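Worksheet: the structure to be examined is printed underneath.
The values are calculated or read from the model by the stated rules, or taken from the named source; none is laboratory data. All figures in this text were calculated on a predicted structure; none of them were measured in a lab. Don't worry about glycine lacking a Cβ; one is built from the backbone with ideal geometry, like all the others, and counts go over all protein chains shown. Accessible surface is based on the protein model in full, side chains and every heavy atom, while ligands, DNA and RNA are left aside. Shrake-Rupley method; radii C 1.70, N 1.55, O 1.52, S 1.80 Å.
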Amino acid sequence: MTDKLKVDLSGAPQTMLATFYAKALDARLPTPILGDDMAAEIAERIDYDWSRTAITPSRAPAVTTRSRHFDRWARQFLAVHPEAVVLHLGCGLDGRFFRLAPGPGVEWFDVDYPEVIDLRSQLYPEHARCHLVSASVTDPAWLDEVPTGRPALMLGEGLTMYLTETEGLALLRRVVDRFGTGELQFDAFNTFGIRTQWTNTVVRRSGATLRWAIDRPDDILDTVPGTRLLAWMSVFEDPVFDELAWHYRLLAKVMRPLSPLRYMAQYHRYAF
């Protein structure tokens with residue numbers, strides 16, 4: 001007998017188990033990148049064959065470098081807008097609210113599929129300013145639950161590539177139109193990254209499909225009125241790569257000179 005929580009997910013929701021487990025493994029390392037101790041504790045309470053995720057300690061930085069990057073950008077935004085609304089879209093089991101511990105003026109909304117939110121509600125403690133929203137991020141109705149009249153931060157880590165272009169652009173336009181001021185922060189794959197998704201073990205094992213390719217900021221600026229570019233960078237340009245094992249530094253060195261490889265995975269940040 002076990003009192004662990006059994007998990008059975010497939011497709012896109014299953015990929016969040018891989019990203020979550022990477023954070024749990026990272027927390028156990030002598031020198032963690034993200035240092036999410038809550039992830040390590042929660043992983044012990046889940047009944048799941050983690051080998052199915054294909055995540056190992058050596059592969060964990062592929063996830064934790066990205067999460068640390070968006071933690072940094074989110075902190076920057078919240079330092080300037082201490083009474084913001086945060087839309088954490090496709091949140092999975094990420095404990096960003098607890099890592100960042102935003103001030104009393106921030107209202108936080110974790111949005112994901114109902115089965116993911118149900119699981120999350122059983123694993124994370126309740127918090128008066130952290131609201132759980134059971135919905136597909138592409139469903140326009142959930143935004144009605146979010147108050148307006150304050151700056152909004154939309155965070156979409158590991159999200160855009162699972163949407164269609166039509167769904168993704170419509171989502172960004174809804175956020176910009178509803179809140180009027182704030183930031184959009186997300187990562188994306190370019191066309192080469194989408195076409196070579198068969199090389200992504202996590203995606204392949206989950207049975208998920210990557211769809212939306214974003215090749216350059218103009219793909220967003222030309223189609224989402226009111227946006228202004230703040231930052232666009234290859235993941236390999238993040239200074240955190242200087243802290244990683246030699247094989248990650250070598251990979252970055254090899255991929256940087258060739259644009260399709262350099263921008264295979266990117267970080268986007270827009271003001272509106």
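Tabulated data for the structure shown
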| read-out | value |
| --- | --- |
| Qualifying residue in the stretch 62-71 (condition: at pLDDT below 95, over 18 Å from G182 (Cβ atoms) and surrounded by fewer than 21 Cβ atoms within 10 Å (Cβ to Cβ)) | yes |
| Every residue from the stretch 110-150 that is open to solvent by 50 Å² or more (accessible area, probe 1.4 Å), touching a helix residue (DSSP H, G or I) at 6+ places or on another chain (Cβ under 9 Å) and either among the β-branched types (V, I, T) or touching a residue at least 60 places away in the same chain (Cβ under 8 Å) (or both) | Y113, E115, T148, R150 |
| Which listed residue, of D177, D112, is of a type in the set (D, E) and more than 21 Å from Y270 (Cβ to Cβ) | D112 |
| Residue count, the stretch 16-74 (criterion: more than 12 Å from the chain's Cα centre (by Cα), of a type in the set (K, R) and closer than 20 Å to D110 by Cα) | 2 |
| S58 vs. criteria open to solvent by 20 Å² or more (accessible area, probe 1.4 Å) and in contact (Cβ under 8 Å) with a residue 24 or more places away in the chain | yes |
| Within the stretch 129-156, tally of residues that are more than 17 Å from the chain's Cα centre (by Cα) and assigned to a loop (DSSP other than H, G, I, E, B) | 8 |
| Of the criteria (1) open to solvent by 60 Å² or more (accessible area, probe 1.4 Å); (2) closer than 30 Å to P82 by Cα; (3) without any contact (Cβ under 8 Å) to a residue 60 or more places away in the chain, which one T160 fails | (1) |
| Pair list, Cβ under 9 Å, 6 or more apart: the stretch 204-218 residue surrounded by fewer than 19 Cβ atoms within 10 Å (Cβ to Cβ), other residue acidic (D, E) | R211/E165; R211/E167; A213/E165; A213/D219 |
| Contacts under 8 angstrom Cβ, first residue in the stretch 222-247 being touching a residue at least 24 places away in the same chain (Cβ under 8 Å) and under 16 Å from S58 (Cβ atoms), partner charged (D, E, K, R) and surrounded by fewer than 18 Cβ atoms within 10 Å (Cβ to Cβ), 6 or more apart | F241/R249 |
| Single residue of R68, R75, R52, R59 found to be basic (K, R), in a loop (DSSP other than H, G, I, E, B) and at negative phi | R59 |
| Residue satisfying all of: in the stretch 193-203; more than 15 Å from T19 (Cβ to Cβ) and of a type outside the set (F, W, Y); most open to solvent (accessible area, probe 1.4 Å) among these | R195 |
| Tabulated pairs, the stretch 14-32, first more than 16 Å from T65 (Cβ to Cβ), second of a type in the set (G, A, S) and buried (at least 21 other Cβ atoms within 10 Å of the Cβ), C-beta under 7 angstrom, 6+ apart or interchain | Q14/S206; T15/S206; M16/G92 |
| Qualifying residue in the stretch 128-149 (condition: at pLDDT below 95, farther than 18 Å from L184 by Cβ and hydrophobic (A, V, I, L, M, F, W, C)) | no |
